[in-house]
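Scroll down for the structure; my scribbles are underneath it.
The values are calculated or read from the model by the stated rules, or taken from the named source; none is laboratory data. All values reported here derive from a predicted model rather than from experimental measurement. Cβ placement follows ideal geometry from the backbone for every residue including glycine, while neighbour counts extend to all protein chains displayed. All accessible areas refer to the heavy atoms of the entire protein, side chains included, with ligands and DNA or RNA removed. Shrake-Rupley method; radii C 1.70, N 1.55, O 1.52, S 1.80 Å.
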Amino acid sequence: MNKTFRAALAGLVTSTAMLSAACAEDIKVGLLLPYSGVYAALGQDIDDAFALGLATFGADSGATFEIVREDDEVKPPVGLAKTKKLILQDEVDVMVGVVSSGVLGAIRDTVDGAGVPLIVANAGNDEATGEACSPFITRISFSNQQVNRPMGKWMVDQGVKKVFTIAPDYAAGRQMIDAFTTGFTAAGGEVVGQEWPAFQKTQDFGPFLANAKASGADAVYVFFAGGEAISFVKQYDSFGMKAELPLYGSGFLTSALYVEAQGPAAEGVITALHYVPTLDNPENAAFVAAFKEKTGRIPSEYAVHGYDSARALVEAVKAGATDRETLAAALPKVSFTGPRGELRIDPATNNIVQPIHVYETVAGADGLTQKVLATLPAEADPVNGCAMPAAVN
Ligand code: PHB
């Protein structure tokens, strides 16, 4: 190459590099999850799958994603303080996460007021897509009422007439049981007693189980998750309750994340959920294989929330979003076919719309697995007082 040609080529390479540097977006993501406390394993599952989702779908997005992690410790005041830090100090473009409905309730006004988009990757708090909805909050996971609402009628149809309910005494426990109770009683069932053990403080469920046993119920319906779900299911079995009073609940109770820790105590428990790893579709097969290869685990509902949140973020960027305002506008509009099927966000509430799978935990060739008994059709939540303001366009 002669000198002039070499100099021209060098200039071309430099300006191409400068051009692509100018085009490449650097999206700063604040990942707010519990990395300690009763939901720590759930947070890690979301984190692992979020990273997998960014690696799988983000490579050709032209953007780089920088992640700032904060531990909310499943404590609303801690979640609020960490949210302010992520927004004001780290100046994140978007927040992802929140496992507990209590933490979501605590940070809602701050993300809404600051105009920072939040992709909810777990917390089912009904109010966040109801009376406290926000154009900055898009939920990719589920709502508490959505998972539990159809189970009441399904159980009545199976011949269950009298139920005793137990759930931790905080927003998610109350909302899940209320939604179940509404559906169950509307279908002709009767709730004969209820218990609300203190959240994160109850280790011995014995007194609550004794009351359920004495209540005259045909079955028990519960919500527990994480460490509390493991203890509850084991104690239920060791009290000899399972044979007498079949155990039902929302499917977090026997999540793929910790069902092996419950062991045979979980066998025969029937629950409802928006994702089980045994769903038979090509997107789920690819997800299960990739997640297993990365972590050695079978993906749970928490993992699918992380994976789909990453994909939603990437899709928003591919649609041209570059900052808080444009991400907030793009996120509720994303749609793609993922492990749960077609992902659809209801524009009236910014909540996901999806079918609910009733599944039984059964022994399989490689341990416990999820046998789908029924798939109940997708139903958008009622708007529940949400008047969605158009903050951005
Ligand atoms: C919630 O607090 O909204 C919550 C937590 C854990 C779950 C489900 C819902 O598994």
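Only a single item in (1) modelled with pLDDT under 95; (2) within 15 Å of the ligand (Cβ to nearest atom) is not met by K242, and it is number (2). Report, by residue number, each residue of segment 135-178 that is small (G, A, S), open to solvent by 10 Å² or more (accessible area, probe 1.4 Å) and either within 16 Å of the ligand (Cβ to nearest atom) or in contact with a Pro (Cβ under 6 Å, 6 or more places away or on another chain) (or both). The one that is small (G, A, S), open to solvent by 10 Å² or more (accessible area, probe 1.4 Å) and either within 16 Å of the ligand (Cβ to nearest atom) or in contact with a Pro (Cβ under 6 Å, 6 or more places away or on another chain) (or both): A171. Within segment 95-112, residues that are touching a residue at least 24 places away in the same chain (Cβ under 8 Å) and open to solvent by 20 Å² or more (accessible area, probe 1.4 Å) sit with their Cβ atoms under 7 Å from residues that are more than 8 Å from the ligand (Cβ to nearest atom) and acidic (D, E), at 6+ positions apart or across chains, in these pairs: G105/E127.
Take the conditions (1) within 16 Å of the ligand (Cβ to nearest atom); (2) crowded, with 19+ Cβ neighbours inside 10 Å; A132 misses just one of them, which is (2). I want to confirm something. Restricting to segment 207-239 and keeping residues that are within 16 Å of the ligand (Cβ to nearest atom) and of a type in the set (S, T, Y), which single residue is least open to solvent (accessible area, probe 1.4 Å)? Only one residue fits best here, namely Y221. The listed residues are L247, L279, L273, and the only one of them that is open to solvent by less than 40 Å² (accessible area, probe 1.4 Å), away from the ligand (no atom under 16 Å from the Cβ) and in contact with a His (Cβ under 9 Å, 6 or more places away or on another chain) turns out to be L279. State whether one or more residues within segment 300-318 are outside any helix (DSSP H, G or I), buried (at least 20 other Cβ atoms within 10 Å of the Cβ), of a type outside the set (D, E) and modelled with pLDDT of 95 or more. Yes, segment 300-318 contains at least one residue that is outside any helix (DSSP H, G or I), buried (at least 20 other Cβ atoms within 10 Å of the Cβ), of a type outside the set (D, E) and modelled with pLDDT of 95 or more. Give segment 60-82 a look and list any residue that's under 24 Å from E315 (Cβ atoms) and either in a helix (DSSP H, G or I) or touching a residue at least 60 places away in the same chain (Cβ under 8 Å) (or both), or say none. Answer for segment 60-82, where residues must be under 24 Å from E315 (Cβ atoms) and either in a helix (DSSP H, G or I) or touching a residue at least 60 places away in the same chain (Cβ under 8 Å) (or both): S61, G62, A63, F65. A residue that is of a type outside the set (D, E, K, R) and assigned to a helix (DSSP H, G or I) can be found somewhere in segment 332-354. Based on what the data block shows, is T361 more than 17 Å from N122 (Cβ to Cβ), open to solvent by 40 Å² or more (accessible area, probe 1.4 Å) and either out of contact with any Pro (no Cβ under 9 Å at 6 or more places or on another chain) or not in a helix (DSSP H, G or I) (or both)? Taking the combined requirement at face value, the residue does not satisfy it.
Here the condition is being more than 16 Å from the ligand (Cβ to nearest atom) and over 27 Å from L376 (Cβ atoms); of K75, K85, it holds for K85 alone.
Out of curiosity, is E260 at pLDDT below 95 and away from the ligand (no atom under 14 Å from the Cβ)? No: the conditions fail for E260. From the list T254, T182, which residue is within 14 Å of the ligand (Cβ to nearest atom) and either without any contact (Cβ under 8 Å) to a residue 60 or more places away in the chain or open to solvent by less than 40 Å² (accessible area, probe 1.4 Å) (or both)? Just a single option satisfies the conditions, and that option is T254.
Of all residues in segment 298-339, those satisfying the criterion of being closer than 15 Å to K28 by Cβ and out of contact with any helix residue (DSSP H, G or I) (no Cβ under 6 Å at 6 or more places or on another chain) are L313, V317, T322, D323, R324, E325, T326, A328.
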